[in-house]
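The values are calculated or read from the model by the stated rules, or taken from the named source; none is laboratory data. Since we're looking at a predicted model, the values are computed, not measured. Positions of Cβ are generated from backbone atoms using ideal geometry, with glycine treated the same way; all protein chains shown enter the neighbour counts. Just the protein is used for accessible areas: all its heavy atoms, side chains included, with ligands, DNA and RNA removed. Shrake-Rupley method; radii C 1.70, N 1.55, O 1.52, S 1.80 Å.
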Amino acid sequence: MHIQESGEMYLETILVLSRKSSHVRAIDVGEHLGYSKPSVSRAMGLLKSGNLIVIDKDGSILLTDEGREIAEKIYERHTMLTKFLIALGVDEKTASEDACKIEHSISDESFEAIKQHAKAWNEAH
C-alpha cells in the first residue's frame, strides 16, 4: 500500500508518541507536528479508513499491524539517515531536517545500500 508523505509523517509521529505514552490522542499528534485540529482530524479519518490506525472509545490512537509496519520503516529511515548525515559532518538539526525530507522519497534499494554502507563503515572504524 502506498500512502502519501503526510500519512507517513502522522504514522511515524503516532509511533514516536506511543513509545513515550500509552495514550496517544489526536491533540498530542497535532501539538507534536504543529498542525491544526481540522487537519489532524481529517488525517486520522483517512488513516482509520485505510486500516492503518484504530481509535478506541477513550480517543486513544493505536497503530494497526500495517500502520506499525509503515511507521517503523519511516522511523528507521529517519534515525539511520540522521546518524549517517551527522557522521558525514552535518550538524544534528540540519541532519534531522534533511533526513525527514529524504525518508519519504528514497527507494528501498537506495536506503538498503546506504544502510549496508554505514554498517560496513561502522565495523571498520
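Enter the per residue convex hull volume of the chain, computed from alpha-carbon coordinates, in Å³ rounded to the nearest integer. Show your work: numbers first, answer last.
On the way: hull volume 14.4 nm³, N = 125.
Normalising the Cα hull of the chain by residue number yields 115 Å³.
Using 7 Å Cα-to-Cβ label points, what is the Asn51/Ile106 separation (nm, one decimal)?
3.0
Could you give me the ³J(HN,Hα) list for the stretch 21-32, computed from phi with Karplus coefficients 6.51, -1.76, 1.60 and θ = phi - 60°, whole Hz, x at Gly and Pro?
Calculated HN-Hα couplings, in order: 8, 6, 10, 9, 10, 4, 5, 5, 5, x, 5, 5 Hz.
If packing is taken as the mean number of other Cβ atoms within 10 Å per residue, what is the order of 66-79, 14-27, 83-96, highest first? Kindly include the intermediate steps, with their values, before the conclusion.
Working: 66-79: 18.1, 14-27: 15.3, 83-96: 13.5.
Per-residue mean Cβ counts within 10 Å order the peptides as 66-79, 14-27, 83-96.
If I fit a long axis through the Cα atoms of helix 5-20 and take the longest principal axis of the Cα atoms of the chain, what angle between them do I get, 0 to 90°, rounded to 10?
90
Evaluate the distance, in nm, between pseudo-label points positioned 7 Å from the Cα of Lys83 and of Lys37 along their respective Cα→Cβ axes.
So the label points at Lys83 and Lys37 sit 4.0 nm apart.
What order do you get for 43-51, 4-12 when each peptide is scored by the mean count of other beta carbon atoms within 10 Å, highest first? Before the final figure, lay out each step's value.
Numbers: 43-51: 16.0, 4-12: 19.9.
Top to bottom by mean Cβ count within 10 Å: 4-12, 43-51.
What accessible area per residue comes out for the chain, rounded to a whole number of Å², with a 1.4 Å probe? Could the numbers behind the result be given before it?
Working: 7850 Å² over 125 residues.
So the chain comes to 63 Å² accessible per residue, rounded to a whole number.
How tilted is helix 92-102 with respect to the longest principal axis of the chain? Cα atoms for both, answer in degrees (0 to 90, nearest 10).
Value to nearest ten degrees: 70.
For the chain, which whole-number percentage of the solvent-accessible area (1.4 Å probe, protein heavy atoms only) is attributable to carbon and sulfur atoms? Display every interim value, and only then the final one.
Details: 4130 of 7850 Å².
Carbon with sulfur: 53 percent of the solvent-accessible area.
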